[in-house]
Each structure stands twice: as C-alpha cells, then as structure tokens.
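The values are calculated or read from the model by the stated rules, or taken from the named source; none is laboratory data. None of the values given here were measured: they were computed from a predicted structure. Here Cβ is always computed from backbone atoms with ideal geometry, including for glycine, and neighbour counts include all displayed protein chains.
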Amino acid sequence: MFTKIRNHLTMVYAAVMICYLLAFIIASYSGLVWVLYREEQQDVEAFAKEEAREHVAVFRQIQLTGKPPVEDDDQNGETIFHYAFDLAGQPVSSSEPPGDLRDAVLNSIQNWKGADGEVVFTKIYLPDGKKNYYMICGIRIADSEQVLGTVFVGKNITSYYEMLQRLLLVLISMSLLFLFIATFAGHLLAGRAIIPLKNSFFRQREFVADASHELRTPLSVMLTSVDAIQTDDENRISQFSGQVLDDMKGEIKRMTKIVADLLTLARADASADTIVKENFDLNLVADKVARSFKPLANEKGIRLDYNGKNKLLVHADRERINQLLVILIDNALKFGRQGGEVLLSVKQTTSPKRTVYISVQDDGVGIPAEQQKLIFERFYRIDKVRSREAGGTGLGLAIAKWIVEAHSGTIKVESTVGVGSTFIVSLPC
Ligand code: ADP
C-alpha cells in the first residue's frame with residue numbers, strides 16, 4: 001500500500017516536472033527563435049531597401065549608356081545574394097549564391113509569391129536532397145513614382161537554423177536528465193514524507209491485532225459462562241432472564257465474529273497470515289460448504305444448488321477458499337429472496353491459461369451500480385439495519401477480496417437491483 005502511495009506521489013511529482021520543463025522549453029525556445037528570426041528579417045529588409053536604392057542609379061546608367069556600370073564586387077561572403085531584374089524580367093545585376101545553390105535559388109525567385117518588401121522564410125532543396133534555409137525579400141526598384149524593376153535579396157540562415165536545432169536537442173536532453181534526477185529525488189522525498197503515515201498506520205494495525213487477539217479469550221469465556229448458566233438445571237431462571245441470556249449470547253457471537261474478522265484483516269495487512277497452498281479438489285470443498293448451508297437455506301425458504309460434479313484440482317489455501325465460499329454463500333442467503341434460488345458453480349477454462357471460476361448467483365435484492373465497488377471496502381454496508389439484523393459485520397467481502405488477491409485472482413460482482421447478484425471469482429492456477 002505504501003509503495004503504491006509513494007509511487008503515486010513520485011508520478012504526480014514527475015508529471016508536474018514534465019509540465020514545467022515542457023513550458024520552459026517551449027517558452028525559451030520559441031522566444032529565442034522569434035528574436036533571431038526578427039533580427040534576420042530586419043537585416044534582410046534593410047539590405048533589400050539599400051539594394052533597391054542603389055539600383056536606381058544602375059537603371060539610369062543603363063538608360064543613358066545602354067550598359068550597366070561596372071559592379072564593384074560587394075560580396076557579403078557566401079551568405080547574402082541579390083538579383084536585380086528590369087521590367088521585362090531580364091537580369092540586370094547580381095551577386096549570386098554559391099554554385100550548387102544557384103539554380104534552386106533562381107527557381108524559387110521565379111516562383112516568387114511574396115508581396116513587395118515582404119521577407120519570406122524559404123526552404124531551398126538541393127538536388128542531393130539537402131535543405132538550405134533562406135530569408136528572401138523581393139522589392140520594387142522605383143525612382144519617384146516610376147517602377148524600374150525588381151531586386152531580390154536573400155540571406156542564407158541555414159547555420160542559424162541548424163544551431164537552433166542543436167540548441168533544442170541540448171535543451172531536451174538537459175531536461176530529460178533533469179527530469180530523471182528530479183524523479184529520483186521525488187521518490188526519495190516521497191519515501192520520507194510517508195514515514196510518519198507509515199508509523200501511525202503500523203501502530204494502529206498493531207493495536208487492532210492486539211485488541212482483537214486480547215478480546216477473543218474474554219469473549220469465549222463469556223459465551224461459555226452464558227452457556228453454563230443456561231444449562232444449569234439448579235438455577236431456575238425466569239423467562240425474562242432466559243430471553244436476556246439468549247440476546248446476550250447472540251451479541252457475544254456477533255462480537256466474536258467481528259473480532260475474528262478484524263484479526264484476519266489485521267493479519268492480512270501485516271502479511272502475517274500467510275497463505276498456505278496445497279493441492280486439493282475444489283469440487284469437494286464447494287460441495288461440503290453448500291451442504292453445510294442447506295439447513296439455513298431451507299429455514300429461509302431458499303433453494304441452494306451446487307452444480308459441480310467433476311474433480312477440480314487446485315493449488316490454493318484450502319481453509320481460505322473454504323472461508324471465501326462461506327462468505328459468498330452466506331451473503332447470497334442473507335440478501336436472497338424468500339422462495340428464491342442461490343446457485344453455486346465452479347468451473348475451469350484451460351486457454352489461454354488455466355483459470356478456475358467460482359460464481360455465486362442469487363435472485364435477491366441486488367446492488368446499485370454505484371455501490372458495486374464500495375461493498376468490497378471494510379465496514380461498507382448498503383443497508384446497515386438489514387445487514388446487522390442478518391448478523392453481518394461489513395467485513396465479509398473485504399476478507400473475500402483479500403483471499404482472492406492473495407491467490408493473484410480477481411473478484412467482481414454483476415448485479416441489478418431487484419433482479420439479483422452474481423459474484424464471480426477467477427483464480428489463476
Ligand atoms: P456483511 O457482513 O454486511 O454481509 P459484506 O462485506 O459481506 O458485509 O457485504 C457488504 C455489503 O454488500 C452488505 O452489507 C450488502 O449490503 C452488500 N451485499 C453483499 N452481498 C450481497 C448480495 N449477494 N446481494 C445484495 N447485497 C449484497
């Protein structure tokens with residue numbers, strides 16, 4: 001139970017950390033991308049405007065002399081290019097990107113769809129499949145109101161782009177490492193946090209176990225004493241006293257059952273009541289339990305049937321399985337309908353794994369859907385008065401669940417109010 005709480009706390013802590021780290025990565029990375037992108041955009045825009053201004057003179061020169069002026073090679077390394085075209089689309093001047101990129105860049109300029117002066121982030125694919133990233137700006141070359149041509153300016157930002165990708169990778173790996181360390185620390189801290197809880201739980205469990213154990217002897221002494229008074233011929237007790245003694249005996253028996261159930265659960269919690277497995281015929285055990293309940297069933301006017309006939313070997317704790325059957329049949333008779341029927345069946349399936357199924361079906365009051373899970377909790381009773389009158393303690397199904405789980409099995413109930421309930425136990429063998 002505590003391992004579960006600890007793991008749960010660690011998972012909550014890790015989930016919070018994941019959200020926090022994700023938010024951090026997204027915020028810091030997108031912030032950085034935005035700043036760099038903005039800066040490059042402004043750079044390219046300014047450069048394009050400057051080229052457009054400079055090309056007015058170039059176009060004037062062409063108009064005068066028919067030839068462009070001799071270009072001073074203002075190469076900006078290999079990262080920036082420009083292409084200027086006249087209105088007829090004829091190239092006027094250029095500073096071109098490196099050879100392998102030229103065709104791809106020209107192609108994307110020819111298919112240009114951006115607005116005048118707009119900077120567009122463009123992916124350029126090389127024939128070998130490699131990608132280059134460019135910021136390209138196309139701007140009109142205009143003298144006063146007269147448009148002379150267009151100049152395209154582009155900047156290769158592949159290295160920035162790759163740097164950002166590497167940065168993202170580093171951020172993610174750092175976060176994963178940090179998450180791993182934080183989860184480990186969270187696990188340690190959760191372990192420390194539940195120490196006081198553990199201590200008080202253990203003290204309480206010890207108290208329940210000790211108290212139940214200590215109560216058993218006085219209760220059995222009381223029961224024998226009442227029996228002794230009732231069977232003492234010399235002692236003439238009045239009818240009223242006899243009635244009181246009967247009631248007292250009933251209450252002592254009830255208390256003895258509660259104490260025994262509490263002790264079973266306290267031991268189960270402490271894992272002290274270990275399951276002792278042996279090979280036995282489940283059919284024989286079920287048959288015996290069904291027969292032992294026949295008188296009670298007859299008294300209540302309920303037909304109790306058991307459908308098993310063949311030998312069914314299981315490897316389990318015989319006493320506990322016996323106790324499980326007693327709890328389920330006792331409940332079926334307690335909450336069954338007078339004149340109704342209770343059916344105990346036992347069967348096995350062999351594929352995919354050998355599993356034994358025990359089911360106890362009644363046609364009694366049924367259990368509302370929202371309470372079908374709760375009835376397996378300690379002291380949970382739907383109708384407290386009815387349960388008490390029938391001698392119930394509210395611990396039966398909690399013990400049944402523990403027995404089943406101790407055998408790595410499952411227990412469930414299928415029920416409809418007013419129609420009846422079926423408790424189904426599956427035990428892997
Ligand atoms: P109890 O001692 O009260 O029977 P259990 O733990 O065995 O305690 O059962 C818990 C509650 O589940 C019961 O009080 C009852 O309300 C409900 N319950 C159990 N078995 C049945 C059944 N076969 N039909 C209807 N209700 C049931």
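Here Lys384 clears all of (1) within 11 Å of the ligand (Cβ to nearest atom); (2) surrounded by 13 or more Cβ atoms within 10 Å (Cβ to Cβ) except the condition numbered (2). Of all residues in region 365-402, exactly one satisfies the criterion of being charged (D, E, K, R) and closer than 16 Å to Ala260 by Cα, namely Arg378.
Take Ala286 and tell me if it is more than 16 Å from the ligand (Cβ to nearest atom), among the aliphatic types (A, V, I, L, M) and either in a helix (DSSP H, G or I) or modelled with pLDDT of 95 or more (or both). Please lay out each step first, then the result.
Numbers: more than 16 Å from the ligand (Cβ to nearest atom): yes; among the aliphatic types (A, V, I, L, M): yes; either in a helix (DSSP H, G or I) or modelled with pLDDT of 95 or more (or both): yes.
When the stated conditions are applied, Ala286 passes them.
In this structure, does Gly339 turn out to be assigned to a loop (DSSP other than H, G, I, E, B), more than 36 Å from the chain's Cα centre (by Cα) and either at pLDDT 90 or above or away from the ligand (no atom under 14 Å from the Cβ) (or both)? So Gly339 passes the test. Check whether at least one residue in region 236-243 is basic (Lys, Arg), touching a helix residue (DSSP H, G or I) at 6+ places or on another chain (Cβ under 8 Å) and either loosely packed, with under 13 Cβ neighbours inside 10 Å or within 29 Å of Ala209 (Cα to Cα) (or both), and report yes or no. Within region 236-243 (the criterion being basic (Lys, Arg), touching a helix residue (DSSP H, G or I) at 6+ places or on another chain (Cβ under 8 Å) and either loosely packed, with under 13 Cβ neighbours inside 10 Å or within 29 Å of Ala209 (Cα to Cα) (or both)), the answer is no, since none of the residues qualifies.
So that you can scan it fast, the table gives a plain yes or no per residue for (1) more than 7 Å from the ligand (Cβ to nearest atom); (2) acidic (Asp, Glu):
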| position | (1), (2) |
| --- | --- |
| Gln348 | yes, no |
| Asp362 | no, yes |
| Arg378 | yes, no |
| Gly391 | yes, no |
| Gly396 | no, no |
| Glu405 | yes, yes |
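Which of the residues spanning region 215-245 are aliphatic (A, V, I, L, M) and under 60 Å from the mean Cα position of the chain (by Cα)?
In the first step, residues of region 215-245 are kept if they are aliphatic (A, V, I, L, M); the result is 215, 219, 221-223, 226, 228-229, 237, 244-245.
Those that are aliphatic (A, V, I, L, M) and under 60 Å from the mean Cα position of the chain (by Cα): Leu215, Leu219, Val221, Met222, Leu223, Val226, Ala228, Val244, Leu245.
The sole residue among Ser175, Ser93 that is buried (at least 18 other Cβ atoms within 10 Å of the Cβ), under 43 Å from the mean Cα position of the chain (by Cα), among the small types (Gly, Ala, Ser) and at pLDDT below 90 is Ser175.
How about region 382-429: which of its residues are within 24 Å of Leu282 (Cα to Cα), hydrophobic (A, V, I, L, M, F, W, C) and free of Cβ contacts under 8 Å to residues at least 60 places away in the same chain? Ile411, Val413 - these are the residues of region 382-429 that are within 24 Å of Leu282 (Cα to Cα), hydrophobic (A, V, I, L, M, F, W, C) and free of Cβ contacts under 8 Å to residues at least 60 places away in the same chain.
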